[in-house]
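Beneath this line is the structure, given in C-alpha cells, with notes to follow.
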Amino acid sequence: MKKNIIKKDKTLLLLIEFEGVPEAQADNLLDEIRYSYLKRLLFEHPATSLLILSDHRRANTRIAAILDHLQDSRRTHTHSIVNITPIKTTMEDIYSIADVQGYNIQNVIVAGCNTTGCVFESMPYSAVKWAQAGHFVQIVLPMCGDADIHGIGPEKYIRSFARLYKKIKKANVFKNVEIVSELHTVLHFNNGVQSNRFDIEPKI
C-alpha cells in the first residue's frame, strides 16, 4: 500500500540565463550589483529553504561557484539546487523535480540576464508562464540585466522597465506578478508558513 507523502510548500528561485552573454552584457557595475544581490539572497536573507533552479551551462562559471559554495556541508542553509537544461526544460519538468523532492511549488522568484526576454516570457519556464498558472511571481530587478535593450546607462533601464510594465499589462498578470527592488520584500516559506509582506520591516 502506497503511503501518502505530505509535501512541503516551497518557494522556487529561478535563475534564468543568469550568467548572460558576456559580449552583449558589458555593464560591469550592473553585473556586480546582480551578483551582490544574489549572494545576499542566498547567504543573508531569511529565505534559507529555496528550491533553486539554474540553467548555467558550464561548471567553471561564477554562478556555478556561488551555488557550489552554497552547497558546502558546513553551511546551515537547506536550499535545494538543481541545474537544468535551457530551452528544453518545461514547467512540467520543474513540477516533476519538485515532486520528487517532496515539494509543492507555491510562490516563484525570478532573476536573469534579460528582464523583458528570458526572465519574463521567452523561456518555457519564464515568469509569465508561472503567473498564468496561478503562482505568485516576484521579479527581482537588481538581479536582472538588460543585454537586449539599446540605450546608455539609466536610459537603458528606464526603457527596460517601461517595456516590462507593458508586457505585464498585455499578459494581464498584474495580480500575480510583483516587481521587487528590495530583497526584504521577497516572500518565502519558513517551516511551511509563508512570510507576510505586511510583517516585513524595511531595512535601512
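So which of Lys10/Lys39; Lys39/Lys170; Lys10/Lys166 end up more than 22 Å apart by C-alpha?
Values: Lys10/Lys39 20 Å; Lys39/Lys170 33 Å; Lys10/Lys166 29 Å.
Over 22 Å apart, Cα to Cα: Lys39/Lys170; Lys10/Lys166.
Do you know the relative contact order of the chain, to the nearest whole percent, from alpha carbon pairs under 8 angstrom that are 6+ apart? Mind showing how you got there, number by number?
Values: 331 pairs, mean separation 53.6, N = 204.
Relative contact order, the chain: 26 percent.
Pull up the DSSP beta bridges for the chain and report the antiparallel fraction as a percent, rounded to 5. Write out the running numbers ahead of the final one.
Values: 3 of 28 bridges.
Close to 10 percent.
State, as an integer percentage, the relative contact order of the range 143-202 based on alpha-carbon contacts under 8 Å between residues 6 or more apart. List each step's numbers first, then the result.
Values: 24 pairs, mean separation 10.4, N = 60.
Reported relative contact order: 17 percent.
Pick out which of Ile158, Ile149, Ile84 has the largest mean-square fluctuation in a Gaussian network model of the chain, springs linking Cα atoms closer than 10 Å.
Sorting by GNM fluctuation, first place goes to Ile158.
What shape does the range 92-204 have by the C-alpha gyration tensor, where a ≥ b ≥ c are the square roots of the eigenvalues, rounded means a/c under 1.5, and otherwise prolate means a/b greater than b/c and oblate the rest? Provide the component values of the computation, followed by the final result.
Values: a/c = 2.02, a/b = 1.34, b/c = 1.50.
Since a/c reaches 1.5 but b/c is at least a/b, the shape of the range 92-204 is classed as oblate.
Under 20 Å from the Cα of Lys88, which aspartates and glutamates turn up, not counting those fewer than eight places away in the same chain?
Of all the aspartates and glutamates, those that pass the test against Lys88 - Cα under 20 Å, at least 8 places apart if same chain - are Glu17, Glu19, Asp55, Asp99, Glu121.
For Gln132 and Arg159, compute 0.36 nm times the residue count separating them, minus their Cα-Cα distance, and round to one decimal in nm. Show your work: numbers first, answer last.
Working: separation 27, 0.36 × 27 = 9.72 nm, distance 2.45 nm.
Working it through step by step, the gained length comes to 7.3 nm.
For the pair Thr85 and Lys7, what calculated FRET efficiency results from E = 1/(1 + (r/R0)^6), where r is the Cβ-Cβ distance and R0 = 25 Å, to the nearest 0.05? Intermediate results must be reported in sequence, preceding the final value.
Numbers: r = 24 Å, r/R0 = 0.98.
Using R0 = 25 Å, I get an efficiency of 0.55.
Given a Förster distance of 35 angstrom, what is the FRET efficiency for Asn60 paired with Ile33, based on the Cβ-Cβ distance and rounded to 0.05? Spell out each step's value before the answer.
Numbers: r = 23 Å, r/R0 = 0.65.
Working from the Cβ atoms, E equals 0.95.
Any chance you could run the full-extension gain for Asn190 through Glu44? It's 0.36 nm times the residue separation minus the Cα-Cα distance, nm to one decimal.
Values: separation 146, 0.36 × 146 = 52.56 nm, distance 1.44 nm.
Between Asn190 and Glu44, full extension yields 51.1 nm more.
How much mean residue ellipticity at 222 nm does the chain get from its helices, if each DSSP H run of length 4 or more adds -39500 (n - 2.57) and you divide by all residues, to the nearest 500 deg cm²/dmol?
The per-residue figure over the chain is -9000 deg cm²/dmol.
Looking at the chain, identify the longest residue range that excludes and avoids all trypsin sites (Lys or Arg not before Pro) in DSSP loops having at most 15 other Cβ atoms within 10 Å. Before the final figure, lay out each step's value.
Working: sites that count: Lys2, Lys3, Lys7, Arg57, Arg58, Arg74, Arg75, Lys88, Lys175, Lys203.
Longest stretch, sites excluded: 89-174.
Between Phe174 and Asp68, how many nm apart are label points set 7 Å from Cα along the C-beta direction?
Between Phe174 and Asp68, the simple spin-label model gives 4.6 nm.
Only the coordinates and a few stated rules stand behind these numbers; no lab work does. Bear in mind the structure is a predicted one, so any value in this text is a computation, not a measurement. No Cβ is skipped: glycine too gets one built from the backbone with ideal geometry, and neighbour counts run over all protein chains shown.
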